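Notes follow the structure.
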Amino acid sequence: MKSGSLRLRVTLSVTVALAVVLIALVVVVDALFSRQTVQDQGNLIRDRLQLAKQLETRRLQPEQLYARLAVGGFIFVRVQTPSGLDYGSKPPADDPTARTVTYHNGIRITFYADPDTRPQTTLRRLLLIVGISALVITAVGLIFLVRFALRPLDHMATLARSIAAGDRGRRLAPARTDTELGRTAAAFDSMLDELEGAEQHARHAESRTRQFVADAAHELRTPIAGLQAVAESVLQQSPETDPEERDRMLLLLVRESRRAGRLVDDLLALARIDAGLDLQHEPVDLRHLADAEADRTRVLAPDLAISVEGPSVVVSGDPQRLAQVLANLMNNARQATGGSGGIALTLGSAAGYAHLVVTDSGPGVPAADRDRIFDRLVRLDEARASSSGGSGLGLPIARGICRAHGGDLRCEAPPPATPAPSSASPCPCQ
């Protein structure tokens, strides 16, 4: 963007435009005036010729003729006698305005308009002086007028500098937005609002990222500390240690390592979601996935009553990722029911979207926490989550997978006279 002086550009532009107008005006006025002057001079010279012809009958002396015909103005006269006497100045050579009448006695009378004293010469000089004066006065006046007219831009620059210095709350707030400066000021305020919102969002995101890193480090420290403690205990055991105690310590070591491994896998899954999942799109029958997940859950929790209802619904997506979402929802529902009760999977479609709703007979999720449970490392029941090995990353991963498919994952209040929802439902994937 060119950043020359706007005041100088406006002043020069207006001055040049005015100069062009004045030059055109001078040319037109001079042409019209010159044409009218020539016409008037021709009329005056014809009148003088007519008068000279009338005076011939009076037999005036040459000096008397000159006195009667030389009445001043821009028309000049010259009287020549046969004897060689001249009265008046000689007209310029090839003067187109010169007209001559000759008396019978040989006296020649010539009328002409002197080009050096014609009216248009004076007019041109006057127009030149007035034009130059007008340009100078206009240029000087524009310097002050443009400075006054562009004062709002100076106000914008001052405001921008104050905002850059830290005063984020100030705005221009134009009184009118239907003018050039008003629209510019309104756009400037809108830009500041967007920048301030983006800045706050960035600070919030940075704060959440720091909190997430701290929470993830805390979550990883627990299984790692357990691994370290169990490994040290195993190494310190003597050969006489009870084999059952050694086996118990080894099982604990395996369990803690699996817990750490699951947490690392979940963190990697979240990183891939943030970077953009590489999905393998193919036709997927959600009813088939629901039946398979129901069979798996029945094996893990034989006391649960699991039902699958609804028609076959085919969507385009990654079957492994969608199965991961459903497995996460069923695990949450199984933990919410305590291994007994009921879980229902309901399939359907509407408005071009497929819907898969998971409900359970557990205690449900409070209304204030139905969106918070999708935040990372959030666990509503810390004791139960710790005992089951949950890290609070399953639901954020499931929602990220659904949104990567063009759908969403929500936790909603159950309709009347139905079981309370688990920690997540429904999952529409287009």
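The values are calculated or read from the model by the stated rules, or taken from the named source; none is laboratory data. Because the structure is predicted, anything quoted here is derived from the model rather than measured. Backbone-built Cβ (ideal geometry, glycine too); neighbour counts: all protein chains shown. Accessible surface areas use protein heavy atoms only, side chains included; no ligands, DNA or RNA. Shrake-Rupley method; radii C 1.70, N 1.55, O 1.52, S 1.80 Å.
Annotations for the structure displayed:
- Identity of the residue in segment 268-286, open to solvent by 40 Å² or more (accessible area, probe 1.4 Å) and of a type in the set (A, V, I, L, M, F, W, C), that ends up nearest to G341 (Cα to Cα): L268
- Scanning segment 167-203 for residues that are of a type in the set (G, A, S) and part of a loop (DSSP other than H, G, I, E, B) yields a count of 3.
- Which listed residue, of L153, L181, L142, L128, is under 25 Å from T11 (Cα atoms) and exposed (fewer than 13 other Cβ atoms within 10 Å of the Cβ): L128
- Number of positions in segment 350-375 that are open to solvent by 50 Å² or more (accessible area, probe 1.4 Å) and either part of a loop (DSSP other than H, G, I, E, B) or touching a helix residue (DSSP H, G or I) at 6+ places or on another chain (Cβ under 8 Å) (or both): 8
- Hey, F76 in contact with a Ser or Thr (Cβ under 8 Å, 6 or more places away or on another chain) and surrounded by 13 or more Cβ atoms within 10 Å (Cβ to Cβ) or not: yes
- From the list L326, L322, L300, L289, the one residue that fits, being on the phi < 0 side of the Ramachandran plot and touching a Gly at 6+ places or on another chain (Cβ under 9 Å), is L300.
- Qualifying residue in segment 218-234 (condition: in a helix (DSSP H, G or I), within 30 Å of T359 (Cβ to Cβ) and at pLDDT below 75): yes
- Single residue of L289, L300 found to be open to solvent by 50 Å² or more (accessible area, probe 1.4 Å), more than 43 Å from the chain's Cα centre (by Cα) and among the aliphatic types (A, V, I, L, M): L300
- Any hit, segment 4-18, residues being open to solvent by less than 40 Å² (accessible area, probe 1.4 Å) and in contact (Cβ under 8 Å) with a residue 60 or more places away in the chain: yes
- Test: residue in segment 331-353 that is among the aliphatic types (A, V, I, L, M) and touching a Cys at 6+ places or on another chain (Cβ under 8 Å): no
- Contact map, segment 79-105: first residue closer than 17 Å to I45 by Cβ, second residue crowded, with 17+ Cβ neighbours inside 10 Å and basic (K, R), Cβ cut-off under 6 Å, separation 6 or more or different chains; pairs are G88/R78.
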